[in-house]
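The values are calculated or read from the model by the stated rules, or taken from the named source; none is laboratory data. In this text, all values refer to a predicted model and were calculated from it rather than measured experimentally. Note that we place each Cβ from the backbone using ideal geometry, even for glycine, and neighbour counts take in every protein chain shown.
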Amino acid sequence: MALVVQKFGGTSVGSVERIRNVAKRVAKTYDAGNDVIVVVSAMSGETNKLVALANEVTEFPDTREYDVLVSSGEQVTVALLAMCLKSMGYKAKSYIGHQISILTDSSFSKARIKKINDKKIRQDLNDRTIIIAAGFQGVDGDGNITTLGRGGSDTSGVALAAALKADVCEIFTDVDGVYTTDPNICETARKIDRISYDEMLELASLGAKVLQIRSVQFAKKFNVDVHVRSSFNDNPGTLVTKEDKEMESILVSGITYAKDETKIAVMRVPDKPGIAAKILSPLSAANISVDMILQNVSEDGFTDFTFTVTKADFKKALMITKEAAAEIHARDVLTDDNISKVSVVGLGMRSHAGVATRMFETLAKEGINIQMISTSEIKVSVVIDAKYTELAVRVLHDEFELSGKEVTVER
Ligand code: ADP
Ligand code: ASP
Ligand code: MG
């Protein structure tokens, strides 16, 4: 008998019919003799609707109330799934974040899980009850409802698997696993059978939204093997696991894109020590992460300072940046939300130069202009005009021969 955690994403619980299918799958796992903890997202589209409502009410929704609102989508699905299982004759019980409890810090809308109290869950499991836990949410030390950031149910699933030392952690979604790029925009995308935590971390942080980045961090930290698979069939999916020798021989494992960032450019700032800190410190004080950063070559003692933030943080970031810009007597603050970040990711890049050059040449051949560049040991990212996103992804996928056999590195 094993303890199995199964997380189902929004599309998988997108209708009553689909919730019934999820119930059948859960029942099958349970009937095989396993203990089962199910984590569910809100029905697809519901969280977006709630976010839109908040933005309709006010330009800067209070973050505490925002979390009370957006966490409600998951309350609906846990109840529906539990009802469904009960009507099928199973012992099942729904729980929302604070009832379990999933303790987080107080960073509303991007809270981090600190501790999971497994007492109630253990009691129920001992009684052979199926646990249905709401994803995406927790409770802070003062009893406030918190949420874990968009896509956060993946993190709830992996965190519960880690806390309860589950034998199996399955993330069910609407594609067959983790692919070499988003299968919904590139027909030749290939499913990856096994991928290391580090590579998955890069893919996730660069836009492959199939797993939320925090879920992969949890998996790595607590050594949870995560099986990403489809809720619509029984095909084997992708195992996210510890790195092994074979994985390292792959030069490039995936191409990602992210359209959720906006560029902010502070024009004509004095090029002297401390300017970058003056612009960026108030942003980090407001818990806003800056992603790409570009500082131009100085001309007559002045330069332009450009960076990107997520669209979710944009309005607040712009307000803060304008204040900082006025203080340092910058000429202007310009913004562009028509951008996208395209990245090439692979462990093999550690030991092999030339990936960046091949990437830039491939984009140049298509006449795609590169606006910003950033690199790490195992990725190269560029910011381009959003209208070229799909094209860039496809030509890079071809260039690195991802649809066929993996490009391996000679050793
Ligand atoms: P869920 O609602 O199940 O959490 P998400 O929409 O969050 O599902 O994530 C699944 C989606 O991630 C897929 O439908 C796909 O469009 C997208 N995606 C982006 N990059 C990748 C990738 N490399 N592999 C698989 N899916 C990807
Ligand atoms: N419902 C939340 C979202 O749409 C959490 C999740 O689906 O993982 O972001
Ligand atoms: Mg998701």
In the stretch 27-69, the residues that are more than 16 Å from ligand 2 (Cβ to nearest atom) and of a type in the set (F, W, Y): Y30, F60
For the stretch 9-25, which positions are touching a strand residue (DSSP E or B) at 6+ places or on another chain (Cβ under 7 Å) and farther than 16 Å from N233 by Cβ? V13
Out of E187, E243, sole residue that is touching a residue at least 60 places away in the same chain (Cβ under 8 Å), among the acidic types (D, E) and surrounded by fewer than 18 Cβ atoms within 10 Å (Cβ to Cβ): E243
All but one of (1) among the hydroxyl-bearing types (S, T, Y); (2) without any contact (Cβ under 8 Å) to a residue 40 or more places away in the chain; (3) over 20 Å from E202 (Cβ atoms) hold for T306; state the number of the condition that does not hold. (2)
Can you say whether G138 is within 11 Å of ligand 3 (Cβ to nearest atom), of a type outside the set (D, E, K, R) and in contact with a Gly (Cβ under 9 Å, 6 or more places away or on another chain), as far as the supplied structure shows? no
May I ask you to verify whether G152 is modelled with pLDDT of 95 or more and within 16 Å of ligand 2 (Cβ to nearest atom)? yes
Scanning the stretch 165-209 residue by residue, those more than 20 Å from M349 (Cβ to Cβ) and among the basic types (K, R) turn out to be K165, K191, K209
Residue within the stretch 360-378 that is closer than 14 Å to K263 by Cα and among the basic types (K, R) present: no
Just for helices (runs of 4 or more DSSP H) wholly inside the stretch 218-329: which have at least 1 residues that are at pLDDT 95 or above and β-branched (V, I, T)? 275-285, 311-327
With criteria (1) crowded, with 17+ Cβ neighbours inside 10 Å; (2) of a type in the set (S, T, N, Q); (3) farther than 25 Å from T29 by Cβ, S106 comes up short on (1)
Test: A32 is crowded, with 16+ Cβ neighbours inside 10 Å, small (G, A, S) and away from ligand 1 (no atom under 16 Å from the Cβ): no
Return yes when G89 is closer than 22 Å to F172 by Cα and not aliphatic (A, V, I, L, M) and no when it is not. no
Could you please find all residues in the stretch 123-169 being over 17 Å from S109 (Cβ atoms) and either touching a Pro at 6+ places or on another chain (Cβ under 7 Å) or surrounded by 24 or more Cβ atoms within 10 Å (Cβ to Cβ) (or both)? I130, I131, I132, A133, G157, V158, A159, L160, A161, C169
Flagged in the stretch 1-25 as assigned to a loop (DSSP other than H, G, I, E, B), farther than 16 Å from S153 by Cα and within 16 Å of ligand 2 (Cβ to nearest atom), in numbering order, are S15
Residue among L148, L160, L203 that is more than 22 Å from A42 (Cα to Cα) and among the hydrophobic types (A, V, I, L, M, F, W, C): L203
Among the residues of the stretch 202-239, what is the count of those that are of a type in the set (V, I, T) and away from ligand 2 (no atom under 16 Å from the Cβ)? 2
Which condition does E59 not pass, out of (1) within 15 Å of ligand 3 (Cβ to nearest atom); (2) among the acidic types (D, E); (3) modelled with pLDDT under 95, if it passes all the others? (1)
Listed by range, strands (runs of 3 or more DSSP E) wholly within the stretch 73-157 having at least 1 residues that are within 16 Å of ligand 1 (Cβ to nearest atom) are 130-134, 137-139, 145-147
Output the residues belonging to the stretch 175-193 that are away from ligand 1 (no atom under 11 Å from the Cβ) and in contact with a helix residue (DSSP H, G or I) (Cβ under 7 Å, 6 or more places away or on another chain). T188
So, of the residues in the stretch 60-72 that are not in a helix (DSSP H, G or I) and not aromatic (F, W, Y), which turns out to be surrounded by the fewest Cβ atoms within 10 Å (Cβ to Cβ)? D62
For the stretch 200-222, indicate whether the set of residues that are away from ligand 3 (no atom under 16 Å from the Cβ) and in contact with a Ser or Thr (Cβ under 7 Å, 6 or more places away or on another chain) is non-empty. no
Which of the residues belonging to the stretch 29-52 are of a type outside the set (V, I, T) and touching a helix residue (DSSP H, G or I) at 6+ places or on another chain (Cβ under 7 Å)? D35, S41, A42, M43, S44, E46, L50
Considering only residues that are near ligand 1 (Cβ under 10 Å from one of its atoms) and free of Cβ contacts under 8 Å to residues at least 60 places away in the same chain, look in the stretch 194-210 and name the one that is surrounded by the most Cβ atoms within 10 Å (Cβ to Cβ). M200
Just for the stretch 251-270: of the residues that are within 19 Å of E187 (Cα to Cα) and hydroxyl-bearing (S, T, Y), which one is farthest from ligand 3 (Cβ to nearest atom)? S253
